[in-house]
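Notes follow once the structure below has been shown.
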Amino acid sequence: MGIRQKLLSFLFSQLILVLMVSNHSNAMGLKLGYYHKTCPNAESIISKTAYRFISRAPTLAAPLLRMHFHDCFVRGCDGSVLLNSTKINISEKDATPNQSLRGYHVIDAVKSAVEEACPGVVSCADILALVARDSVSMIHGPYWKVPLGRRDGRVSILNEVFAEVPAPFANITQLKQMFAAKGLNTKDLAVLSGGHTIGTSHCLGFTNRLYNFTGKGDTDPSMDPNYIVKLKQKCKPRDTTTLVEMDPGSFKTFDEAYYTLVAKRRGLFQSDSALLDDPETKAYVILQASTHGSTFAKDFAESMVKMGQVGVLTGNQGEIRKHCALVN
């Protein structure tokens, strides 16, 4: 092999190595205090603006948290969930799993306030990560430091949502595979599912468990029959409008009550009940249910930081959008 061939071979092997580590190194490109010099008041502007909305409407916290989750699971945490559809493309925002998301007006107001202070500096992806953190913290949940430096993606495709975002009907095998594909482990799955301690769901997300679980007009045997009776009083078959609390009695407060419900077979979704079908996730549910969530706040903060680094764009990738719903 000549020197030229050896050099080409070496360069090719280096390129493969670069591609292998690029996803990991992108996450390494995030850092605390990223806007310290370019927009020193960014985090405080974001928190104050978000507080203005969440203090008046605490129920916005859950959809804003979910918005960040849905963003990170499709193309990484790049703000693609915020993009509007165009004449030639239907975006993630219009996919069925995202149609119940609310709070885009909060993100727009935050972006507008930040742009006024520091035009063209802070990404929508970073804003969403910070607003999700602040939403949880403002309703008595944990607070965590968010590494920043994400850039905004330019692509948002409806069909990718169905393949990437875990459905409420998912079983434990599907859930573990979908989380593993994002570099998240089984513990992260058990922890992040605890986000269902806040928020509501349309009946459509679980009525199959009440009326027609296997297509024979039956109920889901993994759900507490007494709970099924209660839910049937709220949700009739084919009800598409009624909202039901995911964590009855404390759906506006971020606490560990979700795990107590799941342990009692009262998780609303099949994906909640599925946590009892794996030894590791079941052990986590039982631990939090029996110790008043002794480690839940700390675990949730850690898993959120980890999730917030999935598939991020950094450096010169992507862009800093001027308006979060539109590419530049």
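Only the coordinates and a few stated rules stand behind these numbers; no lab work does. It should be emphasised that the depicted structure is a prediction, and the values quoted were computed from it without experimental measurement. Please note: Cβ atoms are built from the backbone with ideal geometry, for glycine as well, and neighbour counts cover all protein chains shown.
What Kirkwood hydrodynamic radius, in Å, does the chain give when the mean of 1/r is taken over all pairs of distinct Cα atoms and then inverted?
Hydrodynamic radius (Kirkwood, Cα only) of the chain equals 20.9 Å.
Under the rule of at least 5 residues apart or a separate chain, name every residue whose amide H is placed under 5 Å from the amide H of Leu313.
The list, which skips near neighbours in sequence, is Arg151.
Please list 3J(HN,Hα) in residue order for the stretch 54-69, calculated via the Karplus relation 6.51 cos²θ - 1.76 cosθ + 1.60 where θ = phi - 60°; whole Hz, with x for glycine and proline.
In residue order, the calculated couplings are 6, 5, 8, 9, x, 5, 6, 4, 5, x, 6, 5, 5, 4, 5, 4 Hz.
For the pairs Lys216/Lys236; Lys232/Lys264; Lys145/Lys306; Lys232/Lys252; Lys182/Lys264, note any where the Cα-Cα span goes beyond 20 Å.
In this structure, Lys232/Lys252; Lys182/Lys264 lie more than 20 Å apart at Cα.
Order 157-164, 79-86, 182-189 from most to least packed using the mean count of other Cβ atoms within 10 Å.
79-86, 182-189, 157-164
Through the Karplus equation 6.51 cos²θ - 1.76 cosθ + 1.60, θ set to phi - 60°, convert the phi angles of the stretch 151-156 into ³J(HN,Hα) values in whole Hz; use x for Gly and Pro.
Each residue of the stretch 151-156 in turn: 10, 8, x, 10, 10, 8 Hz.
Nearest 10 degrees, 0 to 90: what angle lies between the long axis of helix 104-117 and the longest principal axis of the chain (Cα atoms)?
Result, in degrees: 30.
Just to check I understand the Karplus step: with θ = phi - 60° and J = 6.51 cos²θ - 1.76 cosθ + 1.60, what whole-Hz values come out for the stretch 255-270, glycine and proline as x?
These are the phi-based 3J(HN,Hα) values: 8, 8, 4, 3, 5, 5, 5, 4, 4, 8, 6, 10, x, 6, 9, 4 Hz.
By per-residue mean of other Cβ atoms within 10 Å, what is the highest-first order of 36-45, 143-152?
Highest mean packing first, the order is 143-152, 36-45.
Do the sum for the chain: with -39,500 (n - 2.57) for every DSSP H run of n ≥ 4, divided by all residues, what is the mean residue ellipticity at 222 nm, to the nearest 500 deg cm²/dmol?
-14000 deg cm²/dmol
Residues with amide H under 5 Å of Cys39's amide H, sequence separation 5 or more or different chain, H placed in the peptide plane at 1.01 Å from N; which?
Amide H to amide H, under 5 Å and 5 or more residues apart or across chains, Cys39 pairs with nothing.
Relative contact order for the stretch 166-307: what percent, with Cα pairs under 8 Å and sequence separation of 6 or more?
Taking the mean separation of contacting Cα pairs over the length of the stretch 166-307, I get 32 percent.
Using amide H atoms built in the peptide plane, which far-off residues or other-chain residues are under 5 Å from Thr200 H to H?
Long-range HN contacts for Thr200: Met246.
In whole Å, what three semi-axes, largest first, describe the equivalent ellipsoid of the stretch 166-307 built from its Cα gyration tensor (square root of 5 times each eigenvalue)?
25, 17, 14
Using the crude model of +1 on Lys and Arg Cβ and -1 on Asp and Glu Cβ, and no other charge, please compute the dipole size for the stretch 41-163 relative to its Cα centre, in debye to 20.
Using Cβ point charges on Lys, Arg, Asp and Glu, the stretch 41-163 gives about 160 debye.
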